[in-house]
Amino acid sequence: MILSRETPHFLPTKGMKSEYYDRIFSMNIKRRVIPTEEIEKQLAICSEVRKEFEGKIPLALVDTFGCQQNEEDSEKIRGYLAEMGFEMTDDEFKADLIVINTCAVREHAEMRVFGNLGALTHAKKENPNQIIAVCGCMVQQEHIVDKIKKSFRHVDLVFGPDELWRFPELIYTVMTKRKRIFAPGSGDGCVAEGIPHLRSDKVKAWLSIMNGCNNFCTYCIVPYTRFRERSRQPGEIIAEARELVAAGYKDITLLGQNVNSYGKDLESSVNFAQLIRKVNDIEGDFVIRFMTSHPKDATDELFAAMRDCEKCEKHLHLPLQSGSDRILKAMNRYYNTEKYLALVDRVREFIPDIVLTTDIIVGFPGETDEDFEDTMRVIEKVRFDAMFTFIYSKRVGTPAAEMPDPFTREQKQAHFDRLVETQNRISEEKHREYIGKTVRVLIDGKDREDGVLTARTSGGRLVRVSGGESLIGSFVYVNITDCNTWALRGELV
Ligand code: SF4
């Protein structure tokens, strides 16, 4: 099945330049499922790699940039590395293999990657046999691969997110053939089951339910680097969730670029609300979280599932991006502020004390003072519990990159600072409402600096509480005594 203007859950932007249509419509969305035997072959190659080190325990460093999906991909890379006999290190001079898992969402992340790659020339000089690999969304862009080919000759391997399933084969080829390999991928997304994970956390786990995105927001590079939406089969997801619960995980986050459209690409499948109910049916005391939702696919059915499922977090992260209808249209977000505000009212009808968080982009090309004031009005009206704010970052290859952008960085920074100041005030006011209340939280870690335990409410609010490390991984009750913009403070009940 090829993408066509009729493909139901695919809505490109009106007035989008034809070349974007051509690029988008040339992308194949036929589900490419990697056969289990192919993954078994990769696992067999892991033993061949192990033999290459003749009993020495090799060391690997995996450096991850960007989103939770990249974190989850790095857990797979570490899982494969453990199968190859590698142990992990943070020291690039001791590492036999370095993997940089990159992000392409903002220019800043790309600049940091190039900075790190430059610095690695020293480590490579000290250990010429060291292998340096670069993967993730950045290398899904031709101009980036060309730059690495020409300017970073100490990089041995480049592979795209969709080639991760054959990482062992790629490493083995580099090791045995001592040649550089560039495998950015074919441009049509795949689904690969059975890749081992090495998770760094013992309480919280990422559980990927789908990959890719069909929304084509005009500022976003993700649809061009992670390709079309493809969901994992519900049975695979439920099985993995069961394993996580059996392994003692207490906080499971269902991951996808747009989880609300889960299952739309599967012949017979459950939708996202039904999936939450199925995970909720698993025996055990744990919390289900999810990210990221797109307002266009947020439904009453989802809100009812969030209300009815006792394990489901009472938190919804619903990216607004802008409060100006003119800018939302230019962003290709498929909703206007009226629709968005109606959604907010709806979810608050279903769950009155729902925690609402959002993303806002400031300085989208052409955003005027009036547009920004529209955003400020919506922020004051909704009163989000927290917000992730970004100044627009031009991404080569996206339609917005070609839109006129007359306003200066300084003008955008001024808007950004005002937005942050306003939201910080609202967040603190919202936190003040918890003082004197007793809340059930999951203790999920310890602050390295002051040793205070960190915990999360079912709404995802950060709570800091004093107590013994043995409490990590437990649900406890905390009486909230104080707060600031970013966290609540409490005492164990
Ligand atoms: S929904 Fe999110 S991931 Fe998809 S195109 Fe829009 S911003 Fe990018």
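Rounded to the nearest 0.05, what FRET efficiency do THR299 and ARG425 have when you use their Cβ-Cβ distance and R0 = 45 Å?
On the way: r = 32 Å, r/R0 = 0.71.
Efficiency for this residue pair is about 0.90.
When only DSSP loop residues count, what GluC sites (Glu not before Pro) in the range 280-368 have their Cβ near at most 11 other Cβ atoms within 10 Å?
Here the GluC sites (Glu not before Pro) that fit, given the DSSP loop and packing criteria, are GLU283, GLU310.
Using DSSP H assignments, which helices in the chain have an axial alpha-carbon span of 24 Å or above and a mean Kyte-Doolittle hydropathy of -1.0 or higher?
36-52, 107-126
Sorted from largest down, give the three principal axis spans of the alpha carbons of the range 198-432, whole angstrom values.
Over the range 198-432, Cα extents along the principal axes are 54, 43, 34 Å.
What FRET efficiency comes out for the pair LYS125/GLU449, r = Cβ-Cβ distance, R0 = 51 Å, nearest 0.05?
0.90
Among THR454, THR481, VAL441, whose Cα lies farthest out toward the positive end of the dipole of the range 438-492, if unit charges sit on the beta carbon of Lys, Arg (+1) and Asp, Glu (-1)?
VAL441
Might you report the magnitude of the Cβ-based charge dipole of the range 23-139 about its Cα centre, with Lys and Arg at +1 and Asp and Glu at -1, to the nearest 20 debye?
Dipole of the range 23-139, to the nearest 20 debye: 480 debye.
Considering all projection directions equally, how large on average is the shadow of the alpha-carbon convex hull of the range 323-393, in square nanometres? Intermediate results must be reported in sequence, preceding the final value.
On the way: hull surface 18.8 nm².
For the range 323-393, averaging the hull's shadow over all directions gives 4.7 nm².
Which value, in debye to the nearest 20, gives the size of the charge dipole of the range 178-288 about its Cα centre, when Lys and Arg are +1 and Asp and Glu are -1 at the Cβ?
Details: 15 positive and 13 negative charges, 120 e Å.
Computed charge dipole of the range 178-288: roughly 580 debye.
Keeping the other protein chains in place, figure out the carbon and sulfur percent of the accessible area of the chain, with a 1.4 Å probe.
Carbon with sulfur: 51 percent of the solvent-accessible area.
Per residue, how much accessible area does the range 438-492 have with a 1.4 Å probe, in Å²?
Accessible area per residue, the range 438-492: 49 Å².
May I ask you to list the trypsin sites (Lys or Arg not before Pro) in the range 401-440 that are in a DSSP loop and have at most 16 other Cβ atoms within 10 Å of their Cβ? Mind dumping the intermediate values first?
Numbers: sites: ARG409, LYS412, ARG418, ARG425, LYS430, ARG432, LYS437, ARG440; in loops: LYS437.
Sites meeting the loop and neighbour criteria: LYS437.
Any cysteines in the chain with zero other Cys Cβ atoms under 4.7 Å from their Cβ? List them, or say none.
Among the cysteines of the chain, those whose Cβ sits 4.7 Å or more from every other are CYS46, CYS67, CYS103, CYS135, CYS137, CYS190, CYS213, CYS483.
Pull out the extension gain between LYS94 and ASN116, defined as 0.36 nm times the separation in residues minus the alpha carbon to alpha carbon distance; nm, one decimal. Intermediate values should be presented prior to the final figure.
Details: separation 22, 0.36 × 22 = 7.92 nm, distance 1.59 nm.
Separation in residues times 0.36 nm, less the Cα-Cα distance, equals 6.3 nm.
Work out the length of the dipole vector of the range 320-460 about its Cα centre, built from +1 on the beta-carbon of each Lys and Arg and -1 on the beta-carbon of each Asp and Glu, and round it to the nearest 20 debye.
The dipole magnitude comes to about 460 debye.
Tell me the accessible surface of ILE472 in square angstrom (1.4 angstrom probe, heavy atoms of protein chains only), to the nearest ten.
60
Give me the one-decimal nm value for the distance between modelled label points at GLU142 and ARG326, 7 Å along each residue's Cα-to-Cβ direction.
3.5
Averaged over all directions, how much area does the convex hull of the C-alpha atoms of the chain cover when projected, in nm²?
So the mean shadow area of the Cα hull is 23.7 nm².
Could you please put LYS278, LYS177, LYS314 in sequence from largest to smallest accessible area, using a 1.4 Å probe?
Accessible-area ranking of LYS278, LYS177, LYS314, largest first: LYS177, LYS278, LYS314.
Any chance you could tell me what percent of the C-alpha pair distances in the range 359-493 go past 24 Å?
When every Cα pair of the range 359-493 is considered, 46 percent fall beyond 24 Å.
For the range 47-206, I need the span (max minus min coordinate) of the C-alpha atoms along each principal axis, in Å, sorted largest to smallest.
Principal extents (Cα only, largest first): 41, 38, 28 Å.
Order the following by accessible area, largest value first: TRP486, TRP206, TRP165. Probe radius 1.4 Å; ligands, DNA and RNA are ignored.
On the way: TRP486 170, TRP206 70, TRP165 30 Å².
Output order, biggest surface exposure first: TRP486, TRP206, TRP165.
If I model the range 438-492 as equal point scatterers sitting on the Cα atoms and use the Debye formula, what is log10 I(q)/I(0) at q = 0.17, 0.23, 0.25 Å⁻¹?
The Cα Debye sum returns log10 ratios of -0.42, -0.79, -0.94.
Within the range 190-277, list the GluC sites (Glu not before Pro) lying in a DSSP loop whose Cβ has at most 14 other Cβ atoms in a 10 Å radius. Before the final figure, lay out the partial values.
Details: sites: GLU193, GLU229, GLU236, GLU240, GLU243, GLU267; in loops: GLU193, GLU229, GLU267.
Within the range 190-277, the qualifying GluC sites (Glu not before Pro) (loop, at most 14 other Cβ atoms within 10 Å) are GLU267.
Please list, in chain and number order, the residues 5+ apart from SER474 or on another chain whose amide H is under 5 Å from its amide H, with Hs placed from the backbone.
Placed amide hydrogens put ILE443 under 5 Å from SER474.
Please arrange ASP281, ASP96, ASP300 by accessible surface area, largest first, computed with a 1.4 Å probe and ligands excluded.
My answer, sorted largest first, is ASP281, ASP300, ASP96.
Toward the positive end of the charge dipole of the chain, about the Cα centre and with charges on Cβ (Lys, Arg +1; Asp, Glu -1), which of SER186, TRP165, THR375 goes farthest?
The Cα lying farthest towards the positive end belongs to SER186.
Starting from 0.36 nm per residue, how many nanometres of slack lie between GLU243 and HIS108 once their C-alpha separation is accounted for?
Numbers: separation 135, 0.36 × 135 = 48.60 nm, distance 3.70 nm.
Difference between extended and current length: 44.9 nm.
Mind grabbing the accessible area of TYR334 for me, 1.4 Å probe, Å², rounded to tens?
For TYR334, solvent-accessible area is about 50 Å².
The values are calculated or read from the model by the stated rules, or taken from the named source; none is laboratory data. Computed from a predicted model, the values in this text were never measured in an experiment. Heads up, the Cβs are rebuilt from the backbone with ideal geometry, glycines too, and the neighbour counts pull from every protein chain shown. Quick note on the areas: whole protein, heavy atoms, side chains included, nothing else; ligands and nucleic acids left out. Shrake-Rupley method; radii C 1.70, N 1.55, O 1.52, S 1.80 Å.
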